[in-house]
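Just passing along the structure, written as structure tokens.
The values are calculated or read from the model by the stated rules, or taken from the named source; none is laboratory data. For clarity, every value in this text was computed on a predicted model and none was experimentally measured. With ideal geometry, Cβ positions are generated from the backbone for all residues, glycine too; neighbour counts draw on all protein chains shown. SASA here: full protein model, heavy atoms, side chains in, ligands and nucleic acids out. Shrake-Rupley method; radii C 1.70, N 1.55, O 1.52, S 1.80 Å.
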Amino acid sequence: MTLPNIITIGRLFLVPLVIVMIVNTRWQAAFIIFVLAGVSDAIDGFIAKRFNMTSELGAYLDPMADKALIVSIYITLAMVGAIPSWLAILVVSRDVMIVSAVLLSWVMARPVVIAPFVVSKLNTAAQLIFAALLLGSRAFGLDLGSAVDVGQLVVAVLTLGSMTAYLAFWLRHMAA
């Protein structure tokens, strides 16, 4: 058990806490916890790379923690009416599709190793930034105006692009 893995596990424990804060409209607390989760992600990655503390467990735990945070946040924001349901469905569907493809590949004895594409890294960044903006605007009473619509569009386009890239990669892998 490395320090980066312990930090990642700590981030997993922040997920239900931030969800409870959103459901209870404790926006400032939700924003702070969300930012803390983001900072912990950067710290564990830095420590793992800088001090050669990467591990196989960390390679699975880190993206799992990221997905748990993003999926939970988007579902909860849709539940409280902060984002449209279609956006949460799109974000969740992408991750369900990727996990399903990996599992199906494994069941069919054609395991696939999924590495993030540039569009997927941009997608994750956009999803996190948009969620932070929404939480921050509610926490501090800021009116984002049309920035919310632009943010939703950017997240939707990048999510669809990432979904398409992974699907094309998986189909090529399965056809080979």
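Which one, LEU167, THR2, VAL23, is farthest towards the positive end of the dipole of the chain when Lys and Arg carry +1 and Asp and Glu -1 on their Cβ?
Highest projection toward the positive end goes to LEU167.
Let me ask you something else. Only Cα pairs under 8 Å and at least 6 apart count here; give the relative contact order of segment 1-122 as a rounded whole percent.
So the answer I get is 26 percent.
Which semi-axes, in whole Å and largest first, does the equivalent ellipsoid of segment 117-168 have when worked out from the alpha carbon gyration tensor as the square roots of 5 times its eigenvalues?
Output for segment 117-168: semi-axes of 25, 10, 6 Å.
Taking only protein heavy atoms into account and a 1.4 Å probe, give the accessible area per residue of the chain in Å².
Result: 55 Å² of accessible area for each residue.
Rounded, prolate or oblate for segment 26-100? Axes are the square roots of the Cα gyration tensor eigenvalues, ordered a ≥ b ≥ c, and the cut-off for rounded is a/c under 1.5.
Working: a/c = 4.06, a/b = 1.49, b/c = 2.72.
Cα axes put segment 26-100 in the oblate bin.
Suppose every Lys and Arg Cβ carries +1 and every Asp and Glu Cβ carries -1, with no other charges. What dipole size does the chain come out with about its Cα centre, to the nearest 20 debye?
In debye, rounded to 20, the chain gives about 200.
Could you give the length gained by full extension between ALA156 and ILE129, i.e. 0.36 nm per residue of separation minus their alpha carbon distance, to one decimal place?
Net length gain for the segment: 8.4 nm.
Before rounding to the nearest 500, sum -39500 (n - 2.57) across all DSSP H runs of length at least 4 in the chain and divide by the residue total; then give [θ] at 222 nm in deg cm²/dmol.
-29000 deg cm²/dmol, from helical runs alone.
Hey, another quick one. May I ask you to give the percent of accessible area on segment 38-176 that is carbon plus sulfur, with a probe radius of 1.4 Å?
Taking all protein chains in place, segment 38-176 shows 73 percent carbon and sulfur surface.
On to the next question. Grab the alpha carbons of the chain, take their convex hull, and tell me the volume per residue in Å³.
Details: hull volume 21.3 nm³, N = 176.
Expressed per residue, the convex hull around the Cα atoms of the chain is 121 Å³.
Which whole DSSP H helices in the chain pass both tests: a Cα extent of 15 Å or more along the axis and a mean Kyte-Doolittle value no lower than 1.0?
Membrane-span-like by this criterion, though nothing is claimed about a membrane: 3-23, 27-50, 85-107, 118-140, 147-175.
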